[in-house]
Amino acid sequence: MPKIVRVIAVTFVLLAVPRAVSASHAPSDLFLLHRAAGLAAHESVHRVAAWLRHQPGVARAGIGRDHRTIDIHFTDGREMLVLPAALHATRLAPVARRLHAALRPLARLADPTPQAAVLEPFAAELGAGNHVGDVEVQDLQSAGFQVTQAYNSAVTVELMTTLPRYQVVYMNTHTGTSANGDGVVATDELVYGNNDPSLLPYLNDGSIVPVGVAGDVTDAFYAITARFVSLHMGQFSHDSLIFVNGCALLPATAFWGALASKGAGVLISWSGDVAEYDDYLSAAALFNQMDSGASVQGAINTLLANGYGRSSSGGTTSTIGFEGDGTITLARAAAGTPVTTPSPTATPLPTATPSPTGTTVPTPTPRPTATASPTVSPPPVSLHVTAAHAQVKPGQTQSITVQGPAGVTVPVQIHYPNGVVQSLSSALSSSGSGTIAYRQPGSEISRRGRRVTVTASLGGVSARTTYALRYGHVDLAVPPLHAGKSLSLAVHSAARSQVTVTIMQGGHIRTMHVTTAANGWGTLHVRLRSAGTAVFRATVRLHGRLYRTSLSLPVA
């Protein structure tokens, strides 16, 4: 097996865990939290913890069970954590992904159709676009599941209460383990400016905590804990499979214990820090193995034997693993009957249609059978849609407001310049108004334009608005992809900058370099040999700082 060479850049996730009901934090606590995260980027966790113990307002500081987390207890009763998260690996083992086997375990699947959920709350943050979960979607659909997807701001706290209705759940997100063995799983629901009263019960009982990300000074997100699972989730179906693709969740014994008490069959995650490419490839390979009939244990064994399922950072290696029943297969998970228990109402996820691109479309609301009555002409539908920002840069939050008939759900499509279409929906209130907020993905531009069109449709009536995409530090402009055909891949960054572009497909990686012209654009000519999913990544160093963008797109 060829030697694997990895270069890891480590950033740190900050967790603010309130002991009291209030979600606010003293400025001095937050200042020390950010100072600790900055020091941890180049100092050992033990030296940072020792420095913290001498700071005013700190009661004690220790190291978490994963040996990488810094657990800070303040004299005002607050607890905050600094978690490491390895985000970048420059080279992976070139192990080709096997083609799907002809034999599928569909004969064991029974009605009703088994359900699976694929959740990507930080697809925009990673610049991965709305195709990052396509591989998992296609494998689950091939195994007979009806798959629902949620990206970015659609992954809310309320949505987490509905997870027991799915026999398989896959979620790629920020995670971590505290010193007492609890786990946290981040949603993309913003903390600042969020006055949603439905969150108060979760804040009052301490089952959600604020999560901040180092380097992001504008956003913080709510994350669920083991207590949330115990108090606010219903009963999972027998042999249900939960795969949380994030750092160091397996040491979180309390989190798995809460899932097990709710009937979950198996939890798949990582023992420590995991690089972005490693978790992406490992998840794709694992579901590919399970789609061909392998058990959880068998799929993981195959991954480890073929160079997947491991990630190195800071001299240590973490591995993918599981808690629970490793003999569970997708067929067994599908055969489990979900337990119907009352749960808070959440906005329905869009259902992924069985298509090569895995594009999500909103599930139509069933209409009741009409009874005989005099014909009455319905009033004309009036729709209006507006964008909060005329220009949006990658990573910034955009808000779309839809106004129309009260109490209906309006499908909304966002058409990006590169041809990608994002399907969302807006549930209108009794006043006839609804808002969709999402973090703008990077690299959705084209070589010829940056105009985004937002379309809301209902009852044959459509309303549109537009906004412009601003350039990021580095952007990719990728045209529609066709196997065997040459394409011009455009890159935009600062003038005269050297940009490294990596293309990953089927476990193979190709790396190229281009220097941008005076207008900031550079062009590469590439040919993709096979259909499937291709991942594009661009990195550039500007003024001593490394910037990156990436996206995943289908190849026809």
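The values are calculated or read from the model by the stated rules, or taken from the named source; none is laboratory data. It should be emphasised that the depicted structure is a prediction, and the values quoted were computed from it without experimental measurement. Heads up, the Cβs are rebuilt from the backbone with ideal geometry, glycines too, and the neighbour counts pull from every protein chain shown.
Kindly indicate the residue of the range 183-218 that is part of a loop (DSSP other than H, G, I, E, B) and modelled with pLDDT of 85 or more and also surrounded by the fewest Cβ atoms within 10 Å (Cβ to Cβ) among those meeting that condition. Per the stated criteria, the residue is D205.
Being in the same structural domain as P417 (by TED's automatic domain parsing) and under 29 Å from G544 (Cα atoms) is a property that S457 lacks.
Quick check on T511: is it surrounded by fewer than 16 Cβ atoms within 10 Å (Cβ to Cβ), within 18 Å of R447 (Cα to Cα) and not assigned by TED's automatic domain parsing to the domain that holds V132?
Details: surrounded by fewer than 16 Cβ atoms within 10 Å (Cβ to Cβ): yes; within 18 Å of R447 (Cα to Cα): no; not assigned by TED's automatic domain parsing to the domain that holds V132: yes.
So T511 fails the test.
Would it be correct to say that A85 is small (G, A, S), assigned to a loop (DSSP other than H, G, I, E, B), at pLDDT below 75 and within 27 Å of S269 (Cα to Cα)? Criteria not met by A85. Taking the condition in the same structural domain as G176 (by TED's automatic domain parsing) and not in a helix (DSSP H, G or I), does L267 pass? Here the answer is yes, as L267 does meet what is asked.
Rundown of residues vs (1) touching a Lys or Arg at 6+ places or on another chain (Cβ under 9 Å); (2) under 27 Å from C247 (Cα atoms); (3) modelled with pLDDT under 85; (4) outside any loop (DSSP other than H, G, I, E, B), yes/no style:
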{"site": "R68", "(1), (2), (3), (4)": "no, yes, yes, no"}
{"site": "H73", "(1), (2), (3), (4)": "yes, yes, yes, yes"}
{"site": "L81", "(1), (2), (3), (4)": "no, yes, yes, yes"}
{"site": "R97", "(1), (2), (3), (4)": "no, yes, yes, no"}
{"site": "H100", "(1), (2), (3), (4)": "no, no, yes, no"}
{"site": "A116", "(1), (2), (3), (4)": "no, yes, no, yes"}
{"site": "A123", "(1), (2), (3), (4)": "yes, yes, yes, no"}
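Residues of the range 392-424 that are over 15 Å from D475 (Cβ atoms) and hydrophobic (A, V, I, L, M, F, W, C): I400, V402, A406, V408, V410, V412, I414, V421, L424. Given the conditions (1) in contact (Cβ under 8 Å) with a residue 24 or more places away in the chain; (2) part of a loop (DSSP other than H, G, I, E, B), and given that A518 satisfies all but one, which numbered condition is not satisfied? Status for A518: all satisfied but (1).
Checked against the criteria, T502 does not count as more than 29 Å from S399 (Cα to Cα) and in contact with a helix residue (DSSP H, G or I) (Cβ under 6 Å, 6 or more places away or on another chain). Candidates are the residues of the range 490-510 that are touching a strand residue (DSSP E or B) at 6+ places or on another chain (Cβ under 8 Å) and either among the acidic types (D, E) or modelled with pLDDT under 90 (or both); the one that is farthest from R545 (Cα to Cα) is G506. Filter the range 219-238 for residues that are among the small types (G, A, S) and in contact with a strand residue (DSSP E or B) (Cβ under 8 Å, 6 or more places away or on another chain); which is surrounded by the most Cβ atoms within 10 Å (Cβ to Cβ)? Filtering the range 219-238 for residues that are among the small types (G, A, S) and in contact with a strand residue (DSSP E or B) (Cβ under 8 Å, 6 or more places away or on another chain), the one surrounded by the most Cβ atoms within 10 Å (Cβ to Cβ) comes out as A223.
Suppose the filter is acidic (D, E) and in a helix (DSSP H, G or I); does D278 pass it?
The answer is yes for D278.
The set of residues in the range 281-295 being more than 22 Å from the chain's Cα centre (by Cα) and not polar (S, T, N, Q) consists of G293, A294.
If you go through the range 125-144 and pick out every residue that is surrounded by fewer than 24 Cβ atoms within 10 Å (Cβ to Cβ), in contact with a strand residue (DSSP E or B) (Cβ under 8 Å, 6 or more places away or on another chain) and at pLDDT 90 or above, you end up with 1. Among the residues of the range 234-255, write down those that are part of a loop (DSSP other than H, G, I, E, B) and aromatic (F, W, Y). Residue satisfying the conditions is F236 alone. Would you pick out the residues in the range 448-465 that are surrounded by fewer than 16 Cβ atoms within 10 Å (Cβ to Cβ) and not in a strand (DSSP E or B)? Within the range 448-465, R448, G449, G459, G460 qualify. The number of residues in the range 296-338 being polar (S, T, N, Q), surrounded by fewer than 20 Cβ atoms within 10 Å (Cβ to Cβ) and assigned to a loop (DSSP other than H, G, I, E, B) comes to 3. Looking only at the range 426-457, which residues are more than 24 Å from the chain's Cα centre (by Cα) and of a type in the set (K, R)? Within the range 426-457, R447, R448, R450, R451 meet the criteria. Listed by first and then second residue, the pairs linking a residue in the range 398-409 that is touching a residue at least 40 places away in the same chain (Cβ under 8 Å) and more than 13 Å from T455 (Cα to Cα) to a residue that is surrounded by 16 or more Cβ atoms within 10 Å (Cβ to Cβ) and among the charged types (D, E, K, R), with Cβ atoms under 9 Å apart and 6 or more places separating them unless they lie on different chains, are Q398/R439. Per the conditions (1) outside any loop (DSSP other than H, G, I, E, B); (2) crowded, with 22+ Cβ neighbours inside 10 Å, the sole criterion not satisfied by G442 is (1). Residue count for the range 150-179 satisfying the condition of being part of a loop (DSSP other than H, G, I, E, B) and over 21 Å from Y280 (Cβ atoms): 7. Selection of the range 482-508 for residues being part of a strand (DSSP E or B), of a type outside the set (G, A, S) and surrounded by fewer than 21 Cβ atoms within 10 Å (Cβ to Cβ) yields L487, Q498, T500, T502, I503, H508.
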